[in-house]
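Okay, structure first, notes after.
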Amino acid sequence: MCHDSSVPDDLDRKIIHGLYCAPRASFRRLGEVVGVSEQTVARRYNALRRGGILRVVGLRSPSAHGHAEWVARLRCRPEAVGPVADSLARRPEVGYASIASGGSEIICTIRSAVGTGRDDVLLRQLPRAASVLDMSVDLLLHTFGAPDAVGWAGGERFLTDEQVRRLAAERPAAAGPPLAPADEDLPLFEALAEDGRVSHTRLAEVTGWSTPRVARRLEALEASGSLAYGIDILPERLGYELNAVLWLQVDLPGLDRIGEELGRHDECAFVAATSGRHNLMAVVICRDTPDFYRYLSSRLARIEGIRGYEISIRVRRLKQSVSLIHHGRLIHPPLG
């Protein structure tokens, strides 16, 4: 029977979960762990990638470049929300851009040099500042979650703990401090941003290095934490239609405890401590409104120390990490 790649099945989800555990694991290794052939894994992965459902990307650590990350919330004039959001999403400094709250709010993250003023961070990116009615820009102070986690793996665990352990053992453990990338590393990073699973042979071609030199440089960048791998994915294509950002006010003594607990929730794709009035933010992904309500009224409600919260419901996703969303597909930005 021909598999419909537009509707990921349990095997696709196992492969996705496996890639979260080890983004550059070989198709052979993924097949061994999942229990299918190398060819089957390669075929399924390539179908997911061609379909715009999934992209593995290599990411430069902001701290290795002397950068900080900020989260911005903008309220714009109704006629300007779309153009401003689209313009922001296409800038390389901007990631995770979306329109939320019934189309009245833009939420995005921005990488900027350490020491840059809050207003300068965003105003330098805005095409028409006069169309912005209100904005807040807060520093991302700390990201929560397991050190070997790379993001939301589909809200469910399709691999056993033993399978996760076998794959995670192959991921390089960042020991730091970050290694400052050199100018000659730029082609390497550009190729990995387009395809985080690109082969050593192809990386040798784009850099002009030998294959052993590519392997050594990747190992050094990964070990220092200067290079990490992420999974850009469209939850809607996996049946998770509701995406929300929770802006939490929590008691300061419980900030780390609450952040760590949220980071362990399968529903949370991203959790970070922030500056500003809300000192914790969490991106939550659920199947639908009832599923989201169950999360709020059960798992979230049981956490002590949350004094208040706001919710921004995403209505249009524009960018996921380094991937643009174009007609419901993840694409590499230059293709946009």
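Each row is one residue, and each column tells you yes or no for (1) open to solvent by less than 70 Å² (accessible area, probe 1.4 Å); (2) part of a loop (DSSP other than H, G, I, E, B); (3) among the aliphatic types (A, V, I, L, M); (4) modelled with pLDDT of 95 or more.
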| residue | (1), (2), (3), (4) |
| --- | --- |
| ARG166 | no, no, no, no |
| ALA173 | no, yes, yes, no |
| PRO177 | no, yes, no, no |
| LEU186 | no, no, yes, no |
| PHE189 | yes, no, no, no |
| ALA193 | yes, no, yes, no |
| ARG202 | no, no, no, yes |
| GLU205 | no, no, no, yes |
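Okay, residues lined up against (1) in a strand (DSSP E or B); (2) acidic (Asp, Glu); (3) within 19 Å of LEU141 (Cα to Cα):
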{"site": "ALA228", "(1), (2), (3)": "yes, no, yes"}
{"site": "LEU248", "(1), (2), (3)": "yes, no, yes"}
{"site": "GLU260", "(1), (2), (3)": "no, yes, yes"}
{"site": "HIS265", "(1), (2), (3)": "no, no, no"}
{"site": "PHE270", "(1), (2), (3)": "yes, no, yes"}
{"site": "PRO290", "(1), (2), (3)": "no, no, no"}
{"site": "SER298", "(1), (2), (3)": "no, no, no"}
{"site": "ARG314", "(1), (2), (3)": "yes, no, no"}
{"site": "ILE325", "(1), (2), (3)": "yes, no, no"}
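Looking at the stretch 282-300, can you tell me whether even one residue there is of a type in the set (A, V, I, L, M, F, W, C), modelled with pLDDT of 95 or more, open to solvent by less than 20 Å² (accessible area, probe 1.4 Å) and under 24 Å from VAL84 (Cβ atoms)? No, there is no match, as no residue in the stretch 282-300 is of a type in the set (A, V, I, L, M, F, W, C), modelled with pLDDT of 95 or more, open to solvent by less than 20 Å² (accessible area, probe 1.4 Å) and under 24 Å from VAL84 (Cβ atoms). Close Cβ contacts (under 6 Å, 6 or more residues apart or on different chains) running from residues in the stretch 93-115 that are farther than 18 Å from LEU234 by Cβ to residues that are assigned to a loop (DSSP other than H, G, I, E, B) and open to solvent by 50 Å² or more (accessible area, probe 1.4 Å) comprise ILE110/GLU93; ARG111/GLU93.
Among all positions in the stretch 229-252, there is at least one residue which is open to solvent by 60 Å² or more (accessible area, probe 1.4 Å) and either aliphatic (A, V, I, L, M) or at pLDDT 95 or above (or both).
Every test in (1) charged (D, E, K, R); (2) modelled with pLDDT of 85 or more; (3) within 19 Å of TYR20 (Cα to Cα) is passed by ARG90 save one, and that test is (3). Being of a type outside the set (Val, Ile, Thr) and either within 22 Å of GLY18 (Cα to Cα) or free of Cβ contacts under 8 Å to residues at least 40 places away in the same chain (or both) is not true of ARG257.
The values are calculated or read from the model by the stated rules, or taken from the named source; none is laboratory data. Note that the coordinates shown come from a computational prediction; the quantities given were computed from them, not determined experimentally. Ideal geometry is used to build each Cβ from the backbone, glycine not excepted, and the neighbour counts take in all protein chains shown. Side chains are part of the model used for accessible areas, which takes the heavy atoms of the whole protein and leaves out ligands, DNA and RNA. Shrake-Rupley method; radii C 1.70, N 1.55, O 1.52, S 1.80 Å.
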